[in-house]
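Heads up: the structure comes next, in structure tokens.
The values are calculated or read from the model by the stated rules, or taken from the named source; none is laboratory data. Note that the structure is a prediction, hence the values are computed from the model and not measured. Every residue, glycine as well, gets a Cβ built from its backbone with ideal geometry; the counts of neighbours run over all protein chains shown. Areas reflect the complete protein model, heavy atoms only, side chains present, ligands, DNA and RNA absent. Shrake-Rupley method; radii C 1.70, N 1.55, O 1.52, S 1.80 Å.
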Amino acid sequence: MSSRSSGGSSGLSAYLQVAPLALFTIAFVGVPIGTLVLLSFWQTDGIFIYREFTLDNYRQMLSSPLTYALFFTTIKFAAITLIVTTIIGFICSYFLVFHVRNLKWQIGLLLLCTIPFWTSNVIRMISWIPFLGREGIFNQTIIAMGLTNQPLDFLLYSEFAVILTYIHLYTLFMIVPIFNSMAKINPNLIEAARDAGASGWQILYTVIIPLSKTGIALGSIFVVTLVMADFFVVRVMSGGQSASVVSAMKNQIDNLFYPQAAAMAIMLIAVVALLVSGILRVVDIRAELAR
Amino acid sequence: MTEMKNSIDLSRRKFLQSTAAVTGAAVGSGVIGAPMIWAQNIRDITISWTGPSFSVIADIADKASEDLGFRIVPQSVESTNLMPRIINQPETLEIVDMEYWALAKVWRSGNFQAIDKTKIGNWSRITPIMKDGKNFDGSDLSRQGILPFKVMYLESADADGFAAEETDIVSTVPTIYNADTLGIRPDLIGRPIESYAELFNPEFKGKTALVNVPGTGILDAANAFEAMGEITYGDKGNMTREEIDFTINNLIELKRAGQFRAFWLSFDESVNLMAAGEVVIQSMWAPAVTAVKARGIPCVYQSMKEGYRAWGSGIGLMGHLEGMKRDAAYEFMNWTLSGWHGGFIGRQGYYSSIPEHAREFMTDNEWGYWYEGQPATEQIVDPYGTVMDGEGAQRDGGSFQDRIGNISVWNTVMDEERYMVQRWNEFISA
């Protein structure tokens with residue numbers, strides 16, 4: 001940035017302009033992560049933490065098949081949730097932008113999507129339990145309809161339940177950014193495409209999807225980070241049958257093994273950063289947002 | 001309801017009489033030991049009492065404040081969250097309720113202060129189960145796991161470890177304890193259940209659950225594997241690496257075969273699993289069984305021939321407490337042993353450290369039901385006034401002697417804990 005500035009005095013003022021945000025970031029992001037990094041290299045006996053450098057926490061973590069299993073499960077959850085929420089988010093936004101032409105209706109319907117968010121995450125999650133249970137509403141209904149005579153066990157306390165809940169909780173985080181970028185598409189562009197003889201599918205592939213990429217990317221970042229950071233949904237909805245990276249970390253913290261948990265946290269940050277930078281590679285969000 | 005009220009009024013009168021006598025005697029003999037606390041100063045004292053939600057209860061704090069003349073402020077923090085507080089922010093705590101397995105872990109943080117046993121007026125009346133580790137017939141209780149006795153006495157006030165024999169300084173004043181077992185749904189099982197082995201019986205495939213607290217869940221599993229004759233542990237409460245491996249490997253196999261429906265962490269999760277019929281046999285806590293019954297669903301806290309998994313809890317003092325606050329803390333500890341507290345927790349199904357004092361605050365019906373395993377002569381009401389059991393109902397496992405006399409293991413923290421937790425995580429994510 002400073003290369004653009006001309007003259008020494010404006011260099012100083014550029015630093016001053018950056019200073020508030022920089023200080024804020026250092027204090028509230030840099031210092032905690034720095035502490036985490038230090039902690040992950042220290043030793044503990046389960047009570048005291050000894051400030052002696054060790055690679056044991058990392059060695060133990062990286063040599064344990066459990067770590068890879070946990071990351072695999074967590075990433076699998078994130079990927080499935082991402083795919084489904086993107087499809088739903090895209091369809092909802094498409095409907096709102098291109099079928100509901102009236103702005104008032106658009107905003108009204110978008111607000112309707114947020115109604116579930118008026119209650120807490122936990123309540124929205126837990127309300128699935130009586131619905132999906134063995135003696136739950138869904139099973140009772142299909143048994144009454146004669147579709148099956150045995151309740152379906154896989155509905156609750158399963159990976160299915162976990163993913164269903166994630167999708168329910170996080171789809172809105174997809175709808176809003178996609179809606180936002182779709183709403184910016186100039187209708188003339190679509191008309192021009194149609195005039196040039198493009199079919200509906202061609203318009204979708206060559207015009208709408210590329211121009212919605214920013215929204216999809218932003219939504220993906222939300223969904224991926226939310227799923228990767230979760231331990232509560234996975235614990236409750238799988239009935240403790242599955243574990244995620246963070247739920248294992250929580251277990252370590254509960255048993256006072258902080259440095260091990262810190263090492264795991266650092267690895268999680270690295271993996272999430274990798275995923276997010278992967279998303280950003282596909283889409284230059286900064287350039288798109290400036291549009 | 002009205003009967004309940006009467007009995008409370010009655011017991012309050014009785015309590016005032018007896019405390020007057022006890023305090024008189026205590027002051028006379030210098031048992032309380034504190035320099036006379038001036039009434040006007042004592043009113044200014046506020047002292048916080050922190051611990052798990054099953055033991056730190058607002059109603060108890062209110063009653064203590066009323067009786068003692070200073071304010072006890074209850075704060076509920078489960079043991080897993082309390083332990084880090086004790087280590088990292090001891091200054092935010094004053095009096096703490098410690099489960100003995102947790103105490104075994106955090107005592108050496110050095111953030112507690114030793115308690116002078118001679119200032120606990122009723123120490124000699126505390127049941128030998130808590131203070132001596134002895135059974136009713138004088139024999140040793142099961143030493144598997146963290147028996148309260150193992151973490152009770154100290155060689156010196158600043159000792160890191162615990163004394164093997166009784167001394168005059170103690171880590172905590174024991175208050176409550178109980179014998180836990182498995183909960184079952186008799187209506188959905190339809191036949192007698194007598195052994196822990198049933199937990200892993202393929203008949204209940206997909207309908208069993210374990211508690212997801214490693215140090216507790218592994219003990220229920222160990223009881224079951226032992227009952228199945230697959231292994232005999234040297235000490236279930238302190239397994240070797242090989243024993244941990246055996247247990248976890250077998251658990252993983254069972255999990256893959258679909259034996260478990262869920263692993264629960266909080267009390268209400270276990271209630272819902274049972275009440276919704278998702279599970280018919282599982283690890284459970286006594287009040288959770290009661291909560292299922294309170295919904296009109298049959299649930300039994302089944303006694304097993306292999307015995308019970310017991311736990312105990314006591315009150316500890318943080319190191320920074322001094323002067324009048326410390327005197328007040330001693331008064332509170334003495335108060336918990338004087339009977340009202342014992343009566344209250346007795347109505348929740350827990351046992352008091354001095355059962356004979358608790359008895360003075362329970363009706364004959366309550367005493368017969370909770371402590372003697374007798375059929376209830378009238379409705380059994382919990383401390384908050386909810387009906388828990390009808391006339392004629394009996395407590396599972398019988399009398400105090402039968403239940404406590406049949407403990408096979410105490411809740412624990414193992415020497416190989418780190419390895420155990422790691423392997424437990426593996427089981428959960430398998």
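Conditions tested, residue by residue: (1) closer than 24 Å to B:W123 by Cβ; (2) modelled with pLDDT of 90 or more.
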{"residue": "B:S338", "(1), (2)": "yes, yes"}
{"residue": "B:A376", "(1), (2)": "no, yes"}
{"residue": "B:D389", "(1), (2)": "no, no"}
{"residue": "B:I407", "(1), (2)": "yes, yes"}
{"residue": "B:V421", "(1), (2)": "no, no"}
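Inside segment A:245-291, can you point out the residues that are of a type in the set (K, R) and part of a helix (DSSP H, G or I)?
Initial filter on segment A:245-291 (of a type in the set (K, R)): A:250, A:281, A:286, A:291.
Selection gives A:K250, A:R281, A:R286.
If you take the residues of segment A:41-53 that are in contact (Cβ under 8 Å) with a residue 24 or more places away in the chain and under 20 Å from B:E417 (Cβ atoms), which of them is farthest from the other protein chains (Cβ to nearest Cβ)?
Pass one, segment A:41-53, residues in contact (Cβ under 8 Å) with a residue 24 or more places away in the chain: A:41-44, A:46-47, A:49.
After this cut, where a residue has to be under 20 Å from B:E417 (Cβ atoms) as well, the list is A:42-44, A:46-47, A:49.
Numbers: A:W42: 14, A:Q43: 12, A:T44: 9, A:G46: 7, A:I47: 5, A:I49: 9 Å.
This residue is A:W42.
Just need a number here: residues in segment B:44-85 that are assigned to a loop (DSSP other than H, G, I, E, B), within 14 Å of another protein chain (Cβ to nearest Cβ) and in contact (Cβ under 8 Å) with a residue 40 or more places away in the chain. Can you show your working first?
Restricting attention to segment B:44-85, the residues satisfying the condition of being assigned to a loop (DSSP other than H, G, I, E, B) are B:44-45, B:52-57, B:69-70, B:77-78.
Pick out the ones that are also within 14 Å of another protein chain (Cβ to nearest Cβ) and you get B:52, B:77-78.
Imposing the further condition that a residue be in contact (Cβ under 8 Å) with a residue 40 or more places away in the chain reduces the set to B:52.
So the count comes out to 1.
Could you pull out the residue among A:V272, A:V224, A:V245, A:V276 that is within 14 Å of chain B (Cβ to nearest Cβ) and either crowded, with 18+ Cβ neighbours inside 10 Å or modelled with pLDDT of 90 or more (or both)? Outline the logic, then answer.
Details: A:V272 fails: within 14 Å of chain B (Cβ to nearest Cβ); A:V224 fails: within 14 Å of chain B (Cβ to nearest Cβ); A:V276 fails: within 14 Å of chain B (Cβ to nearest Cβ).
Of A:V272, A:V224, A:V245, A:V276, the one residue that is within 14 Å of chain B (Cβ to nearest Cβ) and either crowded, with 18+ Cβ neighbours inside 10 Å or modelled with pLDDT of 90 or more (or both) is A:V245.
Considering segment A:227-241 alone, what residues qualify as being within 14 Å of another protein chain (Cβ to nearest Cβ) and surrounded by fewer than 24 Cβ atoms within 10 Å (Cβ to Cβ)?
Passing the criteria: A:F231, A:F232, A:V236, A:Q241.
State yes or no: is B:A224 touching a Phe, Trp or Tyr at 6+ places or on another chain (Cβ under 7 Å) and in a strand (DSSP E or B)? It would help to see each step written out before you state the result.
Numbers: touching a Phe, Trp or Tyr at 6+ places or on another chain (Cβ under 7 Å): yes; in a strand (DSSP E or B): no.
For B:A224, the condition - touching a Phe, Trp or Tyr at 6+ places or on another chain (Cβ under 7 Å) and in a strand (DSSP E or B) - is not met.
Would you confirm, using the coordinates I've provided, whether A:I88 is in a helix (DSSP H, G or I) and over 18 Å from A:S247 (Cβ atoms)? Reasoning before the result, please.
Numbers: in a helix (DSSP H, G or I): yes; over 18 Å from A:S247 (Cβ atoms): yes.
Criteria met by A:I88.
State yes or no: is A:I115 at pLDDT 95 or above, of a type outside the set (S, T, N, Q), open to solvent by 30 Å² or more (accessible area, probe 1.4 Å) and assigned to a helix (DSSP H, G or I)? Break it down stepwise before answering.
Numbers: at pLDDT 95 or above: no; of a type outside the set (S, T, N, Q): yes; open to solvent by 30 Å² or more (accessible area, probe 1.4 Å): yes; assigned to a helix (DSSP H, G or I): yes.
The answer is no for A:I115.
With (1) away from every other protein chain (no Cβ under 14 Å); (2) among the aromatic types (F, W, Y); (3) crowded, with 17+ Cβ neighbours inside 10 Å as the list, and A:F95 as the residue in question, which single condition is left unmet?
Result: A:F95 fails condition (3) only.
Across segment A:131-160, which residue is farthest from the other protein chains (Cβ to nearest Cβ) among those that are open to solvent by less than 60 Å² (accessible area, probe 1.4 Å), assigned to a loop (DSSP other than H, G, I, E, B) and among the hydrophobic types (A, V, I, L, M, F, W, C)?
A:L152
From the list A:I266, A:I253, exactly one residue is open to solvent by 30 Å² or more (accessible area, probe 1.4 Å), over 18 Å from A:A78 (Cβ atoms) and at the interface with chain B (Cβ under 10 Å from one of its Cβ atoms). Which is it?
Just one listed residue meets the conditions, A:I253.
For segment B:86-126, give me the residue count where each residue is open to solvent by 50 Å² or more (accessible area, probe 1.4 Å) and assigned to a helix (DSSP H, G or I).
The number of residues fulfilling the criteria is 8.
Check segment B:166-183 and report whether any residue there is in contact (Cβ under 8 Å) with a residue 12 or more places away in the chain, open to solvent by 20 Å² or more (accessible area, probe 1.4 Å) and not in a loop (DSSP other than H, G, I, E, B). So that I can check it myself, show each step before the final result.
Of the residues in segment B:166-183, the ones in contact (Cβ under 8 Å) with a residue 12 or more places away in the chain are B:166-183.
This time we only want the ones that are open to solvent by 20 Å² or more (accessible area, probe 1.4 Å), so: B:166-169.
If we keep only those that are not in a loop (DSSP other than H, G, I, E, B) too, we end up with B:169.
Among the residues of segment B:166-183, at least one is in contact (Cβ under 8 Å) with a residue 12 or more places away in the chain, open to solvent by 20 Å² or more (accessible area, probe 1.4 Å) and not in a loop (DSSP other than H, G, I, E, B), which makes the answer yes.
Filter segment B:257-269 for residues that are within 11 Å of another protein chain (Cβ to nearest Cβ) and not in a loop (DSSP other than H, G, I, E, B); which is most open to solvent (accessible area, probe 1.4 Å)?
B:D268
Among the residues of segment B:384-415, which ones are part of a loop (DSSP other than H, G, I, E, B) and surrounded by 16 or more Cβ atoms within 10 Å (Cβ to Cβ)?
Filtering segment B:384-415 down to residues part of a loop (DSSP other than H, G, I, E, B) leaves B:384-386, B:390-399, B:405-406, B:411-415.
Listed by number, the residues that qualify are B:R395, B:D396, B:G397, B:G405, B:N406, B:N411, B:T412, B:V413, B:M414.
Give the number of residues within segment B:396-429 that are among the polar types (S, T, N, Q) and over 18 Å from B:K150 (Cα atoms).
Going through segment B:396-429, the residues among the polar types (S, T, N, Q) turn out to be B:399, B:401, B:406, B:408, B:411-412, B:422, B:425, B:429.
When the remaining residues are screened for being over 18 Å from B:K150 (Cα atoms), the result is B:399, B:401, B:406, B:422, B:425, B:429.
Looking only at that region, the number is 6.
What do you reckon, is B:R418 closer than 19 Å to B:F263 by Cβ and of a type in the set (D, E, K, R)?
no
Filter segment A:22-48 for residues that are out of contact with any Ser or Thr (no Cβ under 6 Å at 6 or more places or on another chain) and β-branched (V, I, T); which is nearest to B:W107 (Cα to Cα)?
Top of the filtered list is A:T44.
Out of curiosity, is B:A209 within 11 Å of chain A (Cβ to nearest Cβ) and either over 19 Å from the mean Cα position of the chain (by Cα) or assigned to a helix (DSSP H, G or I) (or both)? Steps first, please.
Values: within 11 Å of chain A (Cβ to nearest Cβ): yes; either over 19 Å from the mean Cα position of the chain (by Cα) or assigned to a helix (DSSP H, G or I) (or both): yes.
So B:A209 passes the test.
Could you check, for segment A:204-213, whether at least one of its residues is in contact (Cβ under 8 Å) with a residue 60 or more places away in the chain, surrounded by 13 or more Cβ atoms within 10 Å (Cβ to Cβ), under 20 Å from the mean Cα position of the chain (by Cα) and in a helix (DSSP H, G or I)?
The answer is yes; a qualifying residue exists.
If B:M239 meets every condition in (1) in contact with an Asp or Glu (Cβ under 9 Å, 6 or more places away or on another chain); (2) under 30 Å from A:V122 (Cβ atoms); (3) crowded, with 22+ Cβ neighbours inside 10 Å apart from one, which number is that one?
That leaves (2) as the condition not met.
Mind telling me which of the residues A:L66, A:L111 ends up being free of Cβ contacts under 8 Å to residues at least 40 places away in the same chain and either more than 14 Å from every other protein chain (Cβ to nearest Cβ) or not small (G, A, S) (or both)?
On the way: A:L66 fails: free of Cβ contacts under 8 Å to residues at least 40 places away in the same chain.
Sole residue among the options that is free of Cβ contacts under 8 Å to residues at least 40 places away in the same chain and either more than 14 Å from every other protein chain (Cβ to nearest Cβ) or not small (G, A, S) (or both): A:L111.
For every residue, the table says whether it meets (1) within 16 Å of B:A179 (Cα to Cα); (2) open to solvent by 10 Å² or more (accessible area, probe 1.4 Å).
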residue	(1), (2)
B:I281	no, no
B:A288	yes, no
B:V292	no, no
B:K305	yes, yes
B:R309	yes, no
B:L317	no, no
B:A328	no, no
B:D364	no, yes
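Just to be sure before I move on: is B:A291 more than 14 Å from chain A (Cβ to nearest Cβ) and under 23 Å from A:V236 (Cα atoms) in the structure I sent? Break it down stepwise before answering.
Working: more than 14 Å from chain A (Cβ to nearest Cβ): yes; under 23 Å from A:V236 (Cα atoms): yes.
Considered against the rule, which asks whether it is more than 14 Å from chain A (Cβ to nearest Cβ) and under 23 Å from A:V236 (Cα atoms), B:A291 comes out as yes.
Does B:K207 fit the bill of being of a type in the set (D, E, K, R), open to solvent by 20 Å² or more (accessible area, probe 1.4 Å) and touching a strand residue (DSSP E or B) at 6+ places or on another chain (Cβ under 7 Å)?
Values: of a type in the set (D, E, K, R): yes; open to solvent by 20 Å² or more (accessible area, probe 1.4 Å): yes; touching a strand residue (DSSP E or B) at 6+ places or on another chain (Cβ under 7 Å): yes.
When the stated conditions are applied, B:K207 passes them.
Which ones in segment B:401-420 are closer than 27 Å to B:I176 by Cα and in contact with a helix residue (DSSP H, G or I) (Cβ under 7 Å, 6 or more places away or on another chain)? Before the answer, list the steps.
Within segment B:401-420, the subset closer than 27 Å to B:I176 by Cα is B:401-415, B:417.
Matches in segment B:401-420: B:I404, B:S408, B:V409, B:W410, B:N411, B:T412, B:V413, B:M414, B:D415.
If B:A275 passes every condition in (1) open to solvent by less than 40 Å² (accessible area, probe 1.4 Å); (2) away from chain A (no Cβ under 11 Å); (3) more than 18 Å from the chain's Cα centre (by Cα) but one, which one does it miss?
(2)
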